[in-house]
Amino acid sequence: MKLSLGPLQYYWPRATTLAFYRDVTAWPVDIVYLGETVCSKRRELRGADWLALAGTLAEAGKAVVLSTLALLEAESELGAMQRLVENGRFMIEANDLSAVQLCRERGLPFVGGPTLNVYNHRALAMLVEDGLQRWVPGVEQGRTLLTELRAALQADGGTMPELEVLAWGRLPLSYSARCFTARALDLPKDRCGLRCIEHPDGLPLHTREGDPFLTINGVQIQGTDVIDMAPERDALHACGVDVLRLSPQVGDMAAIVERFRTMLDAPEPPAPMGARNGYWHGMPGLGTLPAQPA
């Protein structure tokens, strides 16, 4: 299995983001995803900046993929995405069907992101015909569904594309036209003041009883727990997973990457550092399983 560093979900200052990716050049990851996937108002880095970072990472031996927005709301966002698709060098992670269409029209291979909502083998086969080479399932899609999809594709004479699963990070659960961060701070979305930048790991949301519940990240809602799939290494391999995705976060991300790299060749998977993903086992995703390998 390979390791990938997923797109940055949070809004970090420009200097912080550039310093982070300078460090990534030396990390033992095989694939790096770059770009804004959550909110088009987050413009600390522009398209040219992401392309410059992509070139630097490619020179360091990384396979670079440019990720598109998951939710488009304006014609200008479609134009920006078209320029990204037409970069002429790097593969695209399509997180919206309009990105799939642009890639298909240009005959470009692409990665299918986790927000494409693929739940049956015919939809997956259609995307493969359109140029999909690697698929990142939605976080709620567990090993049973992936196994069934593979079997159904093979029964129809098709083959499963490369499979990439989120192995570390908070689960991105939903996107909305409403900005939850602005709402939480009693601000209108159009005059949010880009307050997401004050919450580099998202804004924690608690129940009325004070229990951790969700994480607010602009128009995106995440789970509260950091999911650790390293203890599931053998099950992931048996399911045919090709790439493990690690989602950037505040903290010693270099140590997390090194842990996963070591795990790939270790005789036994490690003890968990984060929560387990109940969805992977066909159960509710929130804290339903003991923190130990199955």
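Output the residue which, of all residues in the stretch 206-223 that are in contact (Cβ under 8 Å) with a residue 12 or more places away in the chain and not in a strand (DSSP E or B), is farthest from ALA184 (Cα to Cα). Here the residue is VAL219. Checked against the criteria, LEU246 does not count as of a type outside the set (Gly, Ala, Ser) and either over 18 Å from the mean Cα position of the chain (by Cα) or at pLDDT below 90 (or both). When you look at SER40, is it among the hydroxyl-bearing types (Ser, Thr, Tyr), free of Cβ contacts under 8 Å to residues at least 60 places away in the same chain and either buried (at least 21 other Cβ atoms within 10 Å of the Cβ) or part of a loop (DSSP other than H, G, I, E, B) (or both), yes or no? So SER40 fits the description; yes.
Of all the residues that make up the stretch 184-205, how many are on the phi < 0 side of the Ramachandran plot, hydrophobic (A, V, I, L, M, F, W, C) and outside any strand (DSSP E or B)? Let's see the steps before the verdict.
Residues of the stretch 184-205 on the phi < 0 side of the Ramachandran plot: 184-185, 187-192, 195-201, 203-205.
If we keep only those that are hydrophobic (A, V, I, L, M, F, W, C) as well, we get 184-185, 187, 192, 196-197, 203, 205.
Checking which are outside any strand (DSSP E or B) leaves us with 184-185, 187, 192, 196-197.
Selection size over the stretch 184-205: 6.
Please determine, by comparing only the residues of the stretch 224-272 that are β-branched (Val, Ile, Thr) and part of a helix (DSSP H, G or I), which one is surrounded by the most Cβ atoms within 10 Å (Cβ to Cβ). Lay out the reasoning, then the answer.
Taking the stretch 224-272 and keeping what is β-branched (Val, Ile, Thr), we get 224, 226-227, 241, 243, 250, 256-257, 262.
From the residues that got through so far, the ones that are part of a helix (DSSP H, G or I) too are 256-257, 262.
Working: ILE256: 24, VAL257: 20, THR262: 12.
Only one residue fits best here, namely ILE256.
Residue by residue, here is whether (1) without any contact (Cβ under 8 Å) to a residue 24 or more places away in the chain; (2) surrounded by 17 or more Cβ atoms within 10 Å (Cβ to Cβ); (3) assigned to a helix (DSSP H, G or I) holds:
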residue: TYR10; (1), (2), (3): no, yes, no
residue: THR16; (1), (2), (3): no, no, yes
residue: ASP23; (1), (2), (3): no, no, yes
residue: LEU53; (1), (2), (3): no, yes, yes
residue: GLU93; (1), (2), (3): no, yes, no
residue: GLN101; (1), (2), (3): yes, no, yes
residue: GLY107; (1), (2), (3): no, no, no
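Determine whether the stretch 152-162 contains at least one residue that is touching a strand residue (DSSP E or B) at 6+ places or on another chain (Cβ under 6 Å) and part of a strand (DSSP E or B). For the stretch 152-162, residues touching a strand residue (DSSP E or B) at 6+ places or on another chain (Cβ under 6 Å) and part of a strand (DSSP E or B): present.
Scanning the stretch 110-122 for residues that are surrounded by 21 or more Cβ atoms within 10 Å (Cβ to Cβ) and more than 18 Å from the chain's Cα centre (by Cα) gives no hits. Just one residue in the set LEU78, LEU71 is at pLDDT below 95, within 24 Å of ASP190 (Cα to Cα) and in contact with a strand residue (DSSP E or B) (Cβ under 8 Å, 6 or more places away or on another chain); that residue is LEU71.
Of ALA182, ALA177, ALA151, ALA125, which residue is surrounded by fewer than 13 Cβ atoms within 10 Å (Cβ to Cβ) and over 20 Å from the mean Cα position of the chain (by Cα)?
On the way: ALA182 fails: surrounded by fewer than 13 Cβ atoms within 10 Å (Cβ to Cβ); ALA177 fails: over 20 Å from the mean Cα position of the chain (by Cα); ALA125 fails: surrounded by fewer than 13 Cβ atoms within 10 Å (Cβ to Cβ).
So the residue among ALA182, ALA177, ALA151, ALA125 that is surrounded by fewer than 13 Cβ atoms within 10 Å (Cβ to Cβ) and over 20 Å from the mean Cα position of the chain (by Cα) is ALA151.
Looking only at the stretch 131-144, residues that are surrounded by fewer than 19 Cβ atoms within 10 Å (Cβ to Cβ) and either assigned to a helix (DSSP H, G or I) or of a type in the set (Ser, Thr, Tyr) (or both) come to 1 in all.
Against the numbered list (1) free of Cβ contacts under 8 Å to residues at least 40 places away in the same chain; (2) under 30 Å from THR144 (Cβ atoms), LEU71 comes up short only at (1). Would it be correct to say that THR181 is in contact (Cβ under 8 Å) with a residue 24 or more places away in the chain and assigned to a strand (DSSP E or B)? For THR181, the condition - in contact (Cβ under 8 Å) with a residue 24 or more places away in the chain and assigned to a strand (DSSP E or B) - is not met. Residues in the stretch 25-37 that are surrounded by 14 or more Cβ atoms within 10 Å (Cβ to Cβ), touching a residue at least 40 places away in the same chain (Cβ under 8 Å) and in a loop (DSSP other than H, G, I, E, B): TRP27, VAL29, ASP30, GLY35, THR37. Would you confirm, using the coordinates I've provided, whether LEU203 is within 29 Å of GLN141 (Cα to Cα), surrounded by 11 or more Cβ atoms within 10 Å (Cβ to Cβ) and touching a Gly at 6+ places or on another chain (Cβ under 7 Å)? No, not satisfied.
The values are calculated or read from the model by the stated rules, or taken from the named source; none is laboratory data. This structure is a prediction, so every number in the text was calculated from the model and none was measured. No Cβ is skipped: glycine too gets one built from the backbone with ideal geometry, and neighbour counts run over all protein chains shown.
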